[in-house]
Amino acid sequence: MNGSNAVECGGALAWAYETGGSVTSSPVQGSDGTVYVGSNDNVFYAVYPSGDPKWSYMTGEHIVASTALDSVGNVYIGSLDNQLYAFDSMGGFRWSYTHPGGAEEDEWSSAVIDATGLVYLQSGGNLYVFNSIGALVRSFIVNGGN
């Protein structure tokens, strides 16, 4: 098994879900119990609380950043394909943003969402701020660009 992900409940295994690669990102659980996680098989997974697949999306590269969820259940994930992706909770594609650096060392950090719904991510020495419809609101150079 390449990437078995198990959920324990009271010391007993509640369910396991097999991915096609290892999982190095942290899973996130939505308010409805859905578990969201990216994998090194280039697939982002949404799994029902029962352990059954809800939806998945194939990116162009590994997913090592953890998922972020906003207050209405939209899902934000960065991939090593230099894309930041946004989906609704049912897997509907909302938008994507291509990192302008385009190098693997410019991978996206895990996203943070503030109380107003702005999405913050770091990549390639910059901090990027997006609104919920995918518009780049602002970017800042951090750490002298290194």
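Mind computing the radius of gyration and Dmax over the alpha-carbon atoms of the chain? Å is fine for both.
Just the Cα atoms of the chain yield Rg and Dmax of 15.3, 49 Å.
Return one whole number: the accessible area per residue of segment 29-146 in Å², for a 1.4 Å probe.
In whole numbers, segment 29-146 has 46 Å² accessible per residue.
Semi-axes of segment 57-130's equivalent ellipsoid from the Cα gyration tensor, sqrt of 5 times each eigenvalue, largest first, rounded to whole Å?
The equivalent ellipsoid of segment 57-130 has semi-axes of 19, 15, 9 Å.
For Y48, what is the net charge nearby, where nearby means another residue's Cβ is under 12 Å from its Cβ and Lys, Arg count +1, Asp, Glu -1?
Charge balance in the 12 Å sphere: -1.
Please list, in chain and number order, the residues 5+ apart from N126 or on another chain whose amide H is under 5 Å from its amide H, with Hs placed from the backbone.
Amide H neighbours of N126, under 5 Å, 5+ apart: V142.
In whole percent, how big is the carbon plus sulfur part of the accessible area of the chain, probe 1.4 Å, protein atoms only?
Its accessible area is 50 percent carbon and sulfur atoms.
M58 to V112: FRET efficiency via 1/(1 + (r/R0)^6), r the Cβ-Cβ distance, R0 25 Å, to the nearest 0.05?
The calculated FRET efficiency here is 0.50.
By per-residue mean of other Cβ atoms within 10 Å, what is the highest-first order of 69-79, 111-121, 132-142, 29-39?
Final packing ranking: 69-79, 29-39, 111-121, 132-142.
Quote the charge dipole size of segment 30-115 about the Cα centre in Debye, to the nearest 20; the model charges only the Cβ of Lys and Arg (+1) and of Asp and Glu (-1).
The calculation lands at about 300 debye.
So what is the relative contact order for the chain, in percent, with contacts set as C-alpha pairs under 8 Å and at least six apart?
Across the chain, relative contact order equals 12 percent.
What is the gain in length, in nm to one decimal, between N131 and E18 on full extension, counting 0.36 nm per residue of separation less the C-alpha to C-alpha distance?
Between N131 and E18, full extension yields an extra 37.3 nm.
Place a +1 charge on the Cβ of each Lys and Arg in the chain and a -1 charge on the Cβ of each Asp and Glu, then give the dipole magnitude about the Cα centre in debye, rounded to the nearest 20.
300
The values are calculated or read from the model by the stated rules, or taken from the named source; none is laboratory data. Predicted model, so just to flag it, every value in this text is computed and none were measured. Positions of Cβ are backbone-derived with ideal geometry, glycine not excepted, and every protein chain shown enters the neighbour counts. In case anyone asks, the SASA skips ligands and DNA or RNA and just uses the protein heavy atoms, side chains included. Shrake-Rupley method; radii C 1.70, N 1.55, O 1.52, S 1.80 Å.
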